[in-house]
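This report concerns only the one structure given below.
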Amino acid sequence: MAEKKRKASWEGKEYSFFRHEKCESFPCHATTDPENFNCLFCYCPLYALKDKCGGNFVYNAEGIKDCSNCMVPHKRENYGYIIGKFEDILEITKMPPSDKPEAK
């Protein structure tokens, strides 16, 4: 017998989805599903992860990450994926050991 998949704790919660239809840029990416377009992560927190973000991006001629074709932060079902990447974000933002103040 197939085991029933458990629902993630955030699924169906108000804090995991926000659609800002009155935004001047809504939707900021082309979509066929505006009802499920999530604006919660308007500026993607995964941008700083460079090629480890898991999104659909390219680097332009100047070496700038172009995420205009990426829908990862804008899909309702990707909230858990984004939140799950915060450990990685924390790692890249830590102070280098050589810069840490001495403990007193």
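The values are calculated or read from the model by the stated rules, or taken from the named source; none is laboratory data. Only a predicted model underlies this, so the values are computations on that prediction, with no experimental measurement involved. Positions of Cβ are backbone-derived with ideal geometry, glycine not excepted, and every protein chain shown enters the neighbour counts.
Before moving on, here are some points about what is shown:
- Residue selected from the stretch 13-52 under the condition surrounded by 15 or more Cβ atoms within 10 Å (Cβ to Cβ) and among the polar types (S, T, N, Q), by the criterion farthest from ARG76 (Cα to Cα): SER16
- Scanning the stretch 85-104 for residues that are of a type outside the set (Lys, Arg) and surrounded by 11 or more Cβ atoms within 10 Å (Cβ to Cβ) gives PHE86, ASP88, ILE89.
- Among (1) exposed (fewer than 14 other Cβ atoms within 10 Å of the Cβ); (2) modelled with pLDDT under 95; (3) among the β-branched types (Val, Ile, Thr), the one test that VAL58 misses: (2)
- Residue match in the stretch 65-76 (condition: out of contact with any strand residue (DSSP E or B) (no Cβ under 9 Å at 6 or more places or on another chain), within 21 Å of GLU11 (Cβ to Cβ) and of a type outside the set (Ser, Thr, Tyr)): yes
- Of all residues in the stretch 3-30, those satisfying the criterion of being farther than 23 Å from GLY84 by Cβ and modelled with pLDDT of 90 or more are HIS20, GLU21, LYS22, CYS23, GLU24, SER25, PHE26, PRO27.
- Filtered by the rule that a residue be part of a loop (DSSP other than H, G, I, E, B), within 20 Å of MET71 (Cβ to Cβ) and of a type in the set (Gly, Ala, Ser), the stretch 1-45 gives ALA8, SER25, ALA30.
- Looking across the stretch 46-104, the residues that are aliphatic (A, V, I, L, M) and part of a loop (DSSP other than H, G, I, E, B) come down to LEU46, ALA61, ILE64, MET71, MET95, ALA103.
- For the stretch 55-90, a tally of residues being farther than 21 Å from PHE37 by Cβ and of a type in the set (A, V, I, L, M) returns 5.
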